[in-house]
Every structure is written in structure tokens, then in C-alpha cells.
1. For log10 I(q)/I(0) by the Debye sum over Cα atoms at q = 0.13, 0.16 Å⁻¹, pick the label among [x] -0.82, -1.20; [y] -0.75, -1.21; [z] -0.98, -1.14 that corresponds to the value derived from the coordinates.
2. Any idea what the dipole of the stretch 172-232 comes to, in debye rounded to 20, about its Cα centre with Lys/Arg Cβ at +1 and Asp/Glu Cβ at -1?
3. Pick out, in residue order, every one of the chymotrypsin sites (Phe, Trp or Tyr not before Pro) in the stretch 29-102 that is DSSP loop and has at most 12 other C-beta atoms within 10 Å; say none if there are none.
4. Taking 0.36 nm per intervening residue step and subtracting the Cα-Cα distance, what contour gain separates LYS182 from TRP68 on full extension?
5. How large is the helix-only mean residue ellipticity at 222 nm for the chain, computed as the sum of -39500 (n - 2.57) over DSSP H runs with n ≥ 4, divided by its residue count, in deg cm²/dmol to the nearest 500?
6. Which of LYS102, LYS88, LYS144 ends up with the largest GNM mean-square fluctuation for the chain, with Cα atoms connected below 10 Å?
7. To the nearest 20 debye, what charge dipole does the chain have about its Cα centre, counting +1 at the Cβ of each Lys and Arg and -1 at the Cβ of each Asp and Glu?
8. In nm, what is the difference between 0.36 nm times the number of residues separating ARG163 and MET1 and their Cα-Cα distance?
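Derivation of every value follows stated rules applied to the coordinates shown; laboratory data play no part. What you see is a predicted model, and the numbers here were worked out from it, not measured in a lab. Glycine also receives a Cβ, built like all others from the backbone with ideal geometry; neighbour counts cover every protein chain displayed.
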Amino acid sequence: MEHPYPFTIDLLKQVIDKAPVFFPARRKKEMKAVLEQLRINIFVPLADIEKTIVDFGREIWPYRKAFWSIHDTDGKPKEESYLREETKKEGILAQYENFLKKGGQHEDLRAGSQRFEVFFTPEEKISLIRARMNAHERLVGEIKDLCGGDRVNECTIYFAKYREEQTELDSLIAGFRALAEKTKKWRDEIMNRAHVFESGWSGVERETTRTEVEAAIEYYQSMRKSEGFIGK
């Protein structure tokens, strides 16, 4: 019998796979063991899998954010250099450089971008996408090596920063969820919204921001106040 929730099981696998190289190897192995148990248990409730996605995502999130912070700060110049090398291999370096001379940006090199769509031929687009993917994979591999070696301390410092940020955001979400206990009218709506906020830890859903949670708290507090719940 096939698993009733293969898509959700695959989402959990993606969450675990997003753990960077300096995430504790033993813990990642434990997560994979849980994944396999959920995969073979066809009677597992969907809610249990979704909760595991949130829990594992929360645990991995600060490591993942630390990794991508290094990517975004130190990696962009290298990625641009690697992209030139890869476009040369693809035979489209001249077209790419001409694109840059005419005002194109690295950020424009994605499907759907107006500059990308109108500047390159269909064949060049395929080559350029392949070159961009290869350049990105080279950079990611390099950062993984650094975070597992010479720059592990720097990666750990970034981790501590994002772990603190996560603790603060978790506290805000808990405060928002607590509002559900104070009103029957908005309880289900608040609980559903809190679940969406927590799903942002996973890396497979849109990330939640502090501003969003604070705005939600303010909104529902004002709704309760307007109906006379506060002060009685």
C-alpha cells in the first residue's frame, strides 16, 4: 500500500536535506531515521508529519541562515567570477559580457526576468541557466568546505546570532498563539495563522518575519478591544 501523504513526506526530506555541513552529523542521522519511520508507517497522521517538518525546520533554521549569510556576504564576487568561467565553457561569454555592458545585472539572470527573456536567444538561455547553476553549485560546495573546516568558527558565530533571533521570534509567535485562549471568536483563525508562522522555519515555506507577527498581534488585540473583550 502506498503512503497516503507522499508529498508531505518529500517536504520533510527536503527540510532535512537543507541542513548545512556544520549541522551536527549525529542529529541529522537521527532526523533521517525519523523520516524513514514516517515513510514506512502508512497509518501515521498527517498532523504528525507536519509537526515534524516544523520541529526539524526550527532546529535547522539557524544553521541554514548562518550558511547563507556567508554565501551572500563573501560569495557574490566569487559566484560572478565562476559564472564568467562557466559561460566561457558554454561558448556564450561574449554574449554575457555584452549583456552586462548594456546594463544587465546578475540578478536579471533568471527565467521570467524581462531583460533575460528579451536579450538572449532560446539556445543561449539554456546555456546561461546551465552556467549559472554550475557556478552556484561550485560556490555552495566551497562554502560547505569552509564551514566544515577553516571557517567553522565564523559559521558558528553566525549561528549564534540567528539562534538568538529565532528565540525572539519564537517568543513572539507564542505570544500570538496565546491570544487564541482569550477569545472564542478568533481562536481558530489565530491558531491557523500561528501554524503558518511556525511553518516558516522549514525552508520549504515562505519565511516568517518579526514584522508580520507583530502586525498580527496588534491586529487581533485591536479586534478584541473593539468588541469589548479587554477591560471587562
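1. Recomputing log10 I(q)/I(0) by the Debye sum over Cα atoms at q = 0.13, 0.16 Å⁻¹ here picks out [z].
2. On the way: 11 positive and 10 negative charges, 78 e Å.
Dipole of the stretch 172-232, to the nearest 20 debye: 380 debye.
3. On the way: sites: PHE43, PHE56, TYR63, PHE67, TRP68, TYR82, TYR96, PHE99; in loops: PHE43.
Counting only loop positions with at most 12 other Cβ atoms within 10 Å, the chymotrypsin sites (Phe, Trp or Tyr not before Pro) in the stretch 29-102 are PHE43.
4. Values: separation 114, 0.36 × 114 = 41.04 nm, distance 3.88 nm.
Working it through step by step, the gained length comes to 37.2 nm.
5. Numbers: 9 runs with 171 residues, N = 232.
Calculated mean residue ellipticity at 222 nm is -25000 deg cm²/dmol.
6. It is LYS102.
7. Result for the chain is approximately 340 debye, rounded to the nearest 20.
8. Values: separation 162, 0.36 × 162 = 58.32 nm, distance 4.08 nm.
Gain on stretching ARG163 to MET1: 54.2 nm.
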